[in-house]
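The values are calculated or read from the model by the stated rules, or taken from the named source; none is laboratory data. Every value quoted in this text rests on a predicted model; they were computed, and no experiment measured them. Note that we place each Cβ from the backbone using ideal geometry, even for glycine, and neighbour counts take in every protein chain shown. Note: areas computed on protein heavy atoms with side chains; ligands, DNA, RNA excluded. Shrake-Rupley method; radii C 1.70, N 1.55, O 1.52, S 1.80 Å.
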Amino acid sequence: MMQFCQKIDIHTHMLDNESLISQRLTANKYMGFSRCVLLPVPENMSMGGPTFFAEDAYALSRRYPEHFTWMCNLCPDGTDLTHEKVKRYKQMGAVGLGEFGTRIRFDDPKMDHLFAVLEQVQMPFLFHMAPADADPYYGIVDDPRLPGLERALKKFPKLIFIGHSQPFWFEMAKTDVTDPETRNSCPFGPFVEGRVPELMRQYPNLYCDLSANSGQTALLRDPAYGLAFVKEFQDRLMFGTDWMFREDAPCHFALSAWLDFCAAKELLPFDAYQKVCFGNAERLFFQPR
């Protein structure tokens, strides 16, 4: 009988609250999640409630090293201060920067400075994308068809970019939509492939975060195409949840069950299943770089 993989959740939000942490660890056992990558918010960003900064993620991973590792986060200012912060976080053990949520354009000179620093210290960049530089959106801003992302992929070939959120996955399909609100949605149903697979083929430094409804829907909206996508890009896809654990929060992840099903039915080769569930994350975040 096939043994299902323990999964690494590369997109975990948490608060430094012992009751919630204990419940999350219990839930991880139930759901088959072995480890989590903690994603904090930058020090100047408010989410309208309790906050969880890089130092909090560091402290939590130090208390529970067998369960958590962590990324750092910051708001880039284009100065040596950004460089110093990133180097300090790297020395503290940060495995990447994310989930980047500052609203700033991909082609802003401050971002070029940050990308150069991250490339130098070999820290992957996991981003939330915004469809416009306007409220209520947050994240790195790019235009339809992702020209800013492509420019960055080309200019910083040794930096790993990890795509996430609705405007990124919206480009899974060929489209001429430019409306920000529509780009910030999760369409369903069959489609003609678009910019995301095109960029994946052209740039080996582009990886994908499969978390949240955005990543899950991108694969499950057309399961036959989703399976082909996983097979083709199995070395650069990573499972995640984007789950902030709360007692009242649902914990049903269709993508996890779908991956298990495809492996059990031998629709997905077992080595590809392992890579997506934990192998790629282990290589990026749990091995020395």
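Site pair LEU81 and ARG63 shows an inter-label distance of 2.9 nm when each label is modelled 7 Å from Cα along Cα→Cβ. Across the protein chains, with a 1.4 Å probe defining accessible surface, the residues GLU99, GLU55 rank GLU55, GLU99 from largest area downward. Summary value for the chain: 17 percent relative contact order, contacts being C-alpha pairs under 8 angstrom separated by 6+ residues.
Annotation: amide H of PHE100 within the under-5 Å range of LEU126, PHE127, HIS128, sequence separation 5 or more or interchain, hydrogens built in the peptide plane. Comparing mean-square fluctuations of PHE188, PHE278, PHE52 from a GNM of the chain with C-alpha springs under 10 Å, the top value falls on PHE188.
Largest GNM mean-square fluctuation among TYR58, TYR30, TYR273, using the chain with Cα springs under 10 Å: TYR30. Using a cutoff of 8 angstrom between alpha carbon atoms and counting only pairs six or more residues apart, the relative contact order for the range 85-125 works out to 59 percent. Compared with the direct C-alpha span, the chain from ASP235 to PHE188 gains 14.4 nm at full extension, assuming 0.36 nm per residue. Ranking THR79, THR12 by solvent-accessible area of protein heavy atoms (1.4 Å probe, all protein chains present), from largest to smallest, gives THR79, THR12.
As a calculated quantity, the FRET efficiency between GLU55 and GLU18 at R0 = 25 Å, using C-beta atoms, amounts to about 0.90.
Residues whose amide H comes within less than 5 Å of that of ARG105, counting only those at least five positions distant or on another chain, are VAL141 (H built at 1.01 Å from N in the peptide plane). Computed from the alpha carbon atoms alone, the convex hull of the range 57-130 holds 84 Å³ per residue.
Given a cut-off of 25 Å, name the pairs among LYS90/LYS158; LYS155/LYS231; LYS85/LYS275; LYS158/LYS275; LYS7/LYS231 whose C-alpha atoms lie farther apart than that in the structure shown. Beyond 25 Å: LYS155/LYS231; LYS85/LYS275. Residues LYS154, LYS275, ordered by accessible area of protein heavy atoms at a 1.4 angstrom probe radius and largest first, appear as LYS154, LYS275.
Our coupling estimate for the range 267-274, obtained by passing each phi through the Karplus curve with A = 6.51, B = -1.76, C = 1.60 and θ = phi - 60°, is 7, 10, x, 4, 5, 5, 4, 5 Hz, Gly and Pro reported as x. Taking only Cα atoms and a 10 Å spring cutoff, compute GNM fluctuations for the chain and point out the largest among GLN274, GLN91, GLN216. The residue with the greatest mean-square fluctuation here is GLN91. Summing Lys and Arg as +1 and Asp and Glu as -1 over all other residues whose Cβ lies under 11 Å from the Cβ of PHE53 gives a net charge of -4.
Excluding GLY215 itself, calculate the net charge of residues whose Cβ lies under 15 Å from the Cβ of GLY215, where each Lys or Arg counts +1 and each Asp or Glu counts -1. Charge balance in the 15 Å sphere: -3. When only Cα pairs below 8 angstrom with a gap of at least 6 residues are kept, the range 166-289 shows a relative contact order of 22 percent. As a check on your grasp of the helix formula, calculate [θ] at 222 nm for the chain: sum -39500 (n - 2.57) over DSSP H runs of n ≥ 4, divide by the residue count, round to the nearest 500. Helices in the chain give a 222 nm mean residue ellipticity of -11500 deg cm²/dmol.
For the range 73-193, the share of alpha carbon pairs falling in successive 5 Å distance bins from zero is 2, 11, 22, 23, 17, 12, 7, 4, 1, 0 percent.
At a probe radius of 1.4 angstrom, the accessible area of the range 74-156 per residue rounds to 39 square angstrom.
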